1. Condition (residue is out of contact with any helix residue (DSSP H, G or I) (no Cβ under 7 Å at 6 or more places or on another chain) and either at pLDDT 95 or above or closer than 24 Å to Tyr175 by Cα (or both)) applied to the stretch 82-101: is it met by at least one residue?
2. Test Leu48 against the stated conditions and say whether it is touching a helix residue (DSSP H, G or I) at 6+ places or on another chain (Cβ under 9 Å), surrounded by fewer than 19 Cβ atoms within 10 Å (Cβ to Cβ) and closer than 19 Å to Phe11 by Cβ.
3. Select from the stretch 139-187 the residues that are within 16 Å of Glu213 (Cβ to Cβ), in a loop (DSSP other than H, G, I, E, B) and among the charged types (D, E, K, R) and write down the one among them that is modelled with the highest pLDDT.
4. For the stretch 148-202, which residues satisfy the criterion of being surrounded by fewer than 18 Cβ atoms within 10 Å (Cβ to Cβ), hydroxyl-bearing (Ser, Thr, Tyr) and under 24 Å from Gln77 (Cα atoms)?
5. Within the stretch 110-122, can one find any residue that is of a type in the set (A, V, I, L, M, F, W, C) and closer than 23 Å to Ile27 by Cα?
6. With touching a Lys or Arg at 6+ places or on another chain (Cβ under 6 Å) and not polar (S, T, N, Q) as the only criterion, which of Phe84, Phe78, Phe44, Phe108 stands out?
7. Looking at Phe123, is it at pLDDT below 95, surrounded by 15 or more Cβ atoms within 10 Å (Cβ to Cβ) and assigned to a helix (DSSP H, G or I)?
8. Please find, among Leu110, Leu168, Leu135, Leu128, the residue that is out of contact with any Phe, Trp or Tyr (no Cβ under 6 Å at 6 or more places or on another chain) and touching a residue at least 40 places away in the same chain (Cβ under 8 Å).
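The values are calculated or read from the model by the stated rules, or taken from the named source; none is laboratory data. Just so you know, these numbers come straight off a predicted model, no measurement behind them. Cβ placement follows ideal geometry from the backbone for every residue including glycine, while neighbour counts extend to all protein chains displayed.
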Amino acid sequence: MDVQDVLLFLFFSSLEWLALMVLTFAIFKFQLPGYWGRLLLSSFMLSLLSYMVLIELKLGVVASLIQVPIIFICFWQFFRIPVFYAGLMVVNGYVSYILIQAIIISVFQLTGIVIAPNVPEGFIVQILTSCIAFLLAWLLIRTNWGFTFVPDTDRVKVKWTKLNVRLLVMSIAGYAVLATCSYLFFSGYTPVLVLILGTVVFGFLQYLVFKREYNEHG
C-alpha cells in the first residue's frame, strides 16, 4: 500500500469515527462545542488503530472486539464520562452507526457491488454512512431531542438499581453482538445477518434507555 492509499484510509476512517462519536454525543445531548478538539484528535487516533487492525494485522474478523474497548477508554478517560455511562454510550452509538452502514452495504450488495476496505466502493459507503450519521446528529440537536440522564462529569456514583443492572447487561450483550457482526461481515456472510442482529440489540437497548430517561424525569 502506497502513501496515497494510507492517507485515504486514514482520512475516511477518521471521518467515520468522528461521525460515530458526534452521533453518540447528540443522542445523549452532550454539548459538542466543548469537545471538538478532543473529538478530532480521538478520531485520528482511532483511524490509526483501524489501519493497524484492518490493514497491517489483517484482523478484520475481530475488529469490533478490539476497537470497542478502545473507544470506550476514550469516552471514559478522554471525555471524563463515568465507566458505566461510557460503556452504555459507546455501545448505543456504535450499534446505531453499524445499523446505518449495514443498510447501505445491503443495498450495494443487492446491486452486485462488493464492499471491501480501502477500495472506491468502500470509501463511498463510508462517506454515505458518515453523512447520514452527521445528518441524524444535526436533526437531534435541532429538535432538542435526546437522552439527558448521562452526566458530563466523572464525579458521580452509579446507583445499581435493577434497571441500571439491565442496562449494564445489555451493554455487554451489545458489545458481544458488535464483535459477532464484525466476524460475520469479514467472514463473507450477508450483511442482512448483521442488520438483524443489530436491530434486535438496538430495540432492546432503546427500550431500556427510554425507560431510564423516563425514570430520571418522570
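1. Yes: the stretch 82-101 contains one or more residues that are out of contact with any helix residue (DSSP H, G or I) (no Cβ under 7 Å at 6 or more places or on another chain) and either at pLDDT 95 or above or closer than 24 Å to Tyr175 by Cα (or both).
2. yes
3. Lys159
4. Residues satisfying the conditions are Thr148, Thr153.
5. Scanning the stretch 110-122 turns up no residue that is of a type in the set (A, V, I, L, M, F, W, C) and closer than 23 Å to Ile27 by Cα.
6. Going through Phe84, Phe78, Phe44, Phe108 in turn, just one is touching a Lys or Arg at 6+ places or on another chain (Cβ under 6 Å) and not polar (S, T, N, Q): Phe78.
7. So Phe123 fits the description; yes.
8. Leu168
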